[in-house]
Structure formats: C-alpha cells, structure tokens
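Notes for the one structure printed next.
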Amino acid sequence: MNRPRRFDLIAFDWDGTLFDSTALIVRCIQDACRDVGAVVPSDEAAAYVIGLGLEDALRHAAPGLPAEHYPQLGQRYRRHYFARQHELVMFDGTLPMLQALRARHHWLAVATGKSRQGLDMVLQQSGLGRLFDATRTADETQPKPDPRMLQELMREFGADPERTLMVGDTTHDLQLAANARVPAVAVSFGAHDPASFAPFAPLFVARSTRELQDWLLTHG
C-alpha cells in the first residue's frame, strides 16, 4: 500500500464494468427494434453496441431501419430501459473496490456511453456519485471511441496519458484508450467476448471485480 502509484487518474466505463446491465440493455434494444418493426438483432449483435453513444448504437443494431425512424427507436429504447433500470445491480465488490482506490487517493472518473440524464439518475440511485471526482457522457462530449472523453478528463485533473488508466468491458473502451494514448485494463464479464481484446493489448483482463481490485491495488 505504500508503493508509488502508477496511475493518478482511473476512468471506468459504467455498463458491464461496474454495473451488471448487459442483459437488460440487450433486451431493451431488442424490444425497441420489435416495437418499430425493425429486424430484431441477436443477443451478440445487440451486446456489441453497448458502450457506444445511443445514436451510434441504434444505427449499428438496426442498420436497415429508415433514418427517419431512428428518433422513434431511441424513444422506445429509453422507455424500456427507464422502466426496468431498477432491476440493475452493481457487480459484487464494486463498492469496496472504489472505496479502496479512493483511500489510495486516486482520482476516479466515469467515461460512459450513457446519457447525462441516465448517468445522473443511476449515480443518485446507487449512491456511487460521491465516489467519483468527474464524469463524462456520450451526449455532452464525443461518444466512444473518439478520445475526447478521456482527453477532457485528463485536462480537468492535469493528468498525463501514461498516468491515466481506462477500465472497460468492450473493444469500444479499449479503442477509446488507444485513441487517447492511455493504458487500459479490461474485464471479461461484460458485453464483449474477451477474445476480441487481444489486438488492443490491455495490461490485464480481470475475470471478476475482486481480481480487478487486486490488480489495481498491486499494479495501479
């Protein structure tokens, strides 16, 4: 615990990294597509878009839908999601992990494809808002994998890229980190198959939140 910290700023993705939300998001995307008469994507195709901004995600999930129907698709997705988000829970160990990192005086941030409204709501409901020093959402900056989210967070704290770490569960998170020239750690229990992480060479792939915490406290 007395070793010098490698990373000053640790930025976390939200869905699939801190919160067990992949299955619910997949169902909401599929239900929204069904509502508007679009081809319903497979579980794998719907999970792939998790982490992108909503507009990009829906275009990928329903590529054959006429462009004028995407606003309606987004409305249906939000309706399904907000009606069921009370079902979501943190992955076991998330709270003690964040508390341990704060005790080490890391700056903690969120970089997410969620909307500002959606993130603020879940931060309040979960009680995790007090643990984060800054947050960025896709609708107030540029969505992943554009590097702007991480660049803004680094500027806010004066953190160098080599002393900043991105933690996420998708290739979108890893590409975000690569575009911002920031190291990354991945988790294998989220939306994307960990076999797809290899081209991005994450420093570590955690199989549980406990493994993630142990790595961060030992190597972070």
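The residues of segment 106-153 that are of a type outside the set (Phe, Trp, Tyr), in contact (Cβ under 8 Å) with a residue 60 or more places away in the chain and more than 25 Å from LEU58 (Cα to Cα), listed by number, are HIS106, LEU108, ALA109, SER126, LEU128, LEU153. The combined condition, being within 20 Å of GLU55 (Cα to Cα) and either touching a Lys or Arg at 6+ places or on another chain (Cβ under 8 Å) or in the same structural domain as ASP56 (by TED's automatic domain parsing) (or both), is fulfilled by GLN142. Has segment 156-171 got any residue that is among the charged types (D, E, K, R) and touching a Pro at 6+ places or on another chain (Cβ under 8 Å)? Looking through segment 156-171, at least one residue is among the charged types (D, E, K, R) and touching a Pro at 6+ places or on another chain (Cβ under 8 Å). Against the list (1) touching an Asp or Glu at 6+ places or on another chain (Cβ under 6 Å); (2) modelled with pLDDT under 95; (3) part of a helix (DSSP H, G or I), the condition THR218 fails is (1).
Assess whether VAL49 counts as being farther than 17 Å from ARG84 by Cβ, touching a Cys at 6+ places or on another chain (Cβ under 9 Å), of a type in the set (Val, Ile, Thr) and outside the structural domain of THR171 (by TED's automatic domain parsing). So VAL49 fails the test.
The values are calculated or read from the model by the stated rules, or taken from the named source; none is laboratory data. Quick caveat: nothing in here was measured; it's all calculated off a predicted structure. Cβ atoms come from the backbone with ideal geometry, glycine included; neighbour counts cover every protein chain shown.
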